[in-house]
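The values are calculated or read from the model by the stated rules, or taken from the named source; none is laboratory data. The structure displayed is predicted, hence computed values, not measured ones. Here the Cβ positions follow ideal geometry from the backbone for every residue, glycine too, while neighbour counts run over all protein chains shown.
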Amino acid sequence: MIGRHEHVGGAHFAFTDRWGGVSAAPYEQLNLGGAVGDDAGAVTTNRELAAKSLGLEPDRVVWMNQVHGADVAVVDGPWGSGSGPGSGSGSGDIPSVDAIVTTRRGLALAVLTADCVPVLLTDPVAGVAAAAHAGRPGMVAGIVPAAVRAMTELGAEPARIVARTGPAVCGRCYEVPEAMRAEVATVEPAAYAETSWGTPSVDVCAGVHAQLERLGVHDREQSPVCTLESRDHFSYRRDGATGRLAGYVWLD
């Protein structure tokens, strides 16, 4: 269920795998995405199971309506009635953002992915946390720098920020047309990559970490899991109709 849970200096970082939930194929088992065609009741149950396994109250988790953009919202609590299983895409009560930031301790921020890079950030000293959704478009648009800027406006310092990125499709597997690779590389050269079979690709995670490094965020770790290669994780590029993983970050 929880593929990884790390506690660092008063900050928690957690990433799920696909097991331990109640969803049926093709969303089996722990689908946490509410806008992928799964039964809403199953998603609600899965979110409750995941939260409780982390010692969290399900109604103290903030989700996003992710749109592959670069907008950030500062939050101090859940969105309200719209924060049910429809959140994560298309819920009218939730802003369309790809990063959320909070100074509220004990409030968990969640990001949904199924190949994109989930980015979790904290400055435990300043008491600021952020979760960002960095797919190829979002990485190019600058969602990660935008999240870090929002954190610094709330008192965080890049040198103190701890960053963790979760399971995502790797550069060896994320094949794209040559023109797309060139376009991405003009914005973020570190994302220029080649597949294991010798064709053009994009390494979104490498791009994210390069951006963080330039921003002065040096305490960073990257998950070794490639979602496309791992049958323990959801991958949209591999399966099409599939579930969503979640990354969670919160401060004690």
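Taking the range 224-252, which residues are under 12 Å from Thr16 (Cβ atoms) and part of a loop (DSSP other than H, G, I, E, B)? Listed by number, the residues that qualify are Val225, Thr227, Asp232, His233, Phe234, Gly243, Arg244. Is it fair to say Gly55 is in contact (Cβ under 8 Å) with a residue 24 or more places away in the chain and in a loop (DSSP other than H, G, I, E, B)? Answer is no for this residue.
Condition check: without any contact (Cβ under 8 Å) to a residue 12 or more places away in the chain and over 19 Å from Tyr236 (Cβ atoms). Does Glu6 satisfy that? So Glu6 does not fit the description; no.
Against the list (1) out of contact with any helix residue (DSSP H, G or I) (no Cβ under 8 Å at 6 or more places or on another chain); (2) surrounded by 21 or more Cβ atoms within 10 Å (Cβ to Cβ); (3) not β-branched (Val, Ile, Thr), the condition Ser201 fails is (1).
May I ask you to list the residues in the range 2-20 that are in contact with a Gly (Cβ under 8 Å, 6 or more places away or on another chain) and either on the phi > 0 side of the Ramachandran plot or modelled with pLDDT of 95 or more (or both)? Scanning the range 2-20 gives Phe13, Ala14, Phe15, Thr16, Asp17, Arg18. Can you pull out every residue in the range 204-231 that is in contact with a helix residue (DSSP H, G or I) (Cβ under 7 Å, 6 or more places away or on another chain) and crowded, with 16+ Cβ neighbours inside 10 Å? Hits for the range 204-231 are Val204, Ala206, Gly207, Val208, Ala210, Gln211, Leu212, Leu215, Val217, Arg220, Gln222, Leu228. Taking first residues from the range 88-106 that are closer than 15 Å to Pro78 by Cβ and partners that are of a type in the set (A, V, I, L, M) and at pLDDT below 95, the Cβ contacts under 6 Å between residues at least 6 apart in sequence or on separate chains come to Gly88/Ala35. Number of residues in the range 232-252 that are surrounded by fewer than 22 Cβ atoms within 10 Å (Cβ to Cβ) and under 30 Å from Arg160 (Cα atoms): the value is 1.
From the list Val148, Val111, the one residue that fits, being hydrophobic (A, V, I, L, M, F, W, C), surrounded by 24 or more Cβ atoms within 10 Å (Cβ to Cβ), part of a helix (DSSP H, G or I) and at pLDDT 95 or above, is Val148.
Scanning the range 24-52 for residues that are of a type in the set (A, V, I, L, M, F, W, C) and not in a loop (DSSP other than H, G, I, E, B), we see that the one that is nearest to Tyr236 (Cα to Cα) is Val43.
Residues checked against (1) in contact (Cβ under 8 Å) with a residue 60 or more places away in the chain; (2) under 21 Å from the mean Cα position of the chain (by Cα):
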| residue | (1), (2) |
| --- | --- |
| Pro118 | yes, yes |
| Ala129 | yes, yes |
| His133 | yes, yes |
| Ala146 | yes, yes |
| Ala163 | no, yes |
| Pro177 | no, no |
| Ala185 | no, no |
| Thr195 | no, no |
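Of the listed requirements (1) surrounded by fewer than 18 Cβ atoms within 10 Å (Cβ to Cβ); (2) in a loop (DSSP other than H, G, I, E, B); (3) touching a residue at least 60 places away in the same chain (Cβ under 8 Å), Gly20 misses just one: (3). Within the range 199-227, being of a type in the set (Ser, Thr, Tyr) and touching a residue at least 40 places away in the same chain (Cβ under 8 Å) holds for Ser223, Thr227.
Could you please find all residues in the range 199-221 being in a strand (DSSP E or B) and either under 22 Å from Ala150 (Cα atoms) or among the aliphatic types (A, V, I, L, M) (or both)?
If the condition is that a residue be in a strand (DSSP E or B) and either under 22 Å from Ala150 (Cα atoms) or among the aliphatic types (A, V, I, L, M) (or both), then Val202, Asp219, Arg220, Glu221 are the ones that fit.
For the range 156-198, the tally of residues that are in a loop (DSSP other than H, G, I, E, B), among the hydrophobic types (A, V, I, L, M, F, W, C) and surrounded by 14 or more Cβ atoms within 10 Å (Cβ to Cβ) stands at 6.
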